[in-house]
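A short worksheet on the structure shown next.
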Amino acid sequence: MPKPIDPEIVAVLTKHGFTSEKDDNGREVVWNSHGVWVIRHWVLEVIAANEGIRFDKPEVLVAEPRSAVVLVSAEHGGAMEWSIGEAVVDLNYTVKPKQPGYPFAIAEKRAKDRVILKLLRLHGKAYSEEEAEEFKKGGAQPVTGALTITKLQAALRDLHGQMQRANSLGELKTIINDNTDIIEQCSRDLPGWYYGTDDSMGYLQVKAQLEERLSTEDRQAYEKNRQEAAKYGLPPDNMAAYDAQFEGEQRADPDK
């Protein structure tokens, strides 16, 4: 059964004359895309104009021939919100054959729509059609795993947070083992995120982060072992001798 539309989305659309999923001319206003409710960009622009949302001049953060990142901020009713829009040709923005690409325009649309949704308190409940290629009618990016691109990106951000909160090498390795499918799908479907080829865009660089965090935890474990083993005059890699010495001390003094 399709996910029902959130009443708050209905309330905002109805307030501005959009009383059904299509307007009077038959144009789609909102639709369900794999469980996510998506609103047309032009509908959000109409609502923003009706609400009197005031945008500041956008700030360009990245300007390259095939990629753009734009920071947009706006004010409405005393509240201020900002967001970043990004577009990378052949990664999260598909250009059809024989057609020019417009990464700056797409980046601006994405940033503005995100800000509008935040000011309308619909962020996370609805998305703009410009948010991801898969939201476009008939424009879904093919995937090799169980997750859509948008859900895969969300899962990777969550994985990043889990890795940052891990307190030990064992905990970190457990997190990685529990997310093997996500990491492998990332390497196939989001190679820019996996190999770090899009560092300028602020992507996660999953492979590099995995290696760096594991290496850091290994070094910390080694250093702790070295410091402890030094108390007994043992080399840090002689774990068997260290454990035997430690266990002997515990037996001699059970309170330690």
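Where a number appears in this text, it was derived from the coordinates with a stated rule and is not lab data. Because the structure is a prediction, the values reported are computed rather than measured. Cβ atoms come from the backbone with ideal geometry, glycine included; neighbour counts cover every protein chain shown.
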| How many nm separate the modelled label positions at R165 and D90, each set 7 Å beyond the Cα in the direction of the Cβ? | 3.8 nm
| request: Please say if segment 7-135 is rounded, prolate or oblate, where rounded means a/c under 1.5 for a ≥ b ≥ c the square roots of the C-alpha gyration tensor eigenvalues, and otherwise the choice is prolate for a/b larger than b/c and oblate otherwise? | output: oblate
| remark: From the Cα centre of segment 1-24 to that of segment 71-134, the distance in Å is 20 Å
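Per-residue counts of other Cβ atoms within 10 Å, averaged by peptide: what ranking do you get for 34-44, 55-65, 8-18, 105-115, highest first?
Details: 34-44: 18.6, 55-65: 13.0, 8-18: 15.5, 105-115: 23.4.
Put in order of decreasing packing, that is 105-115, 34-44, 8-18, 55-65.
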| field | Additional length obtainable on full extension of the chain from K173 to H16, 0.36 nm per residue less Cα span | value | 51.5 nm
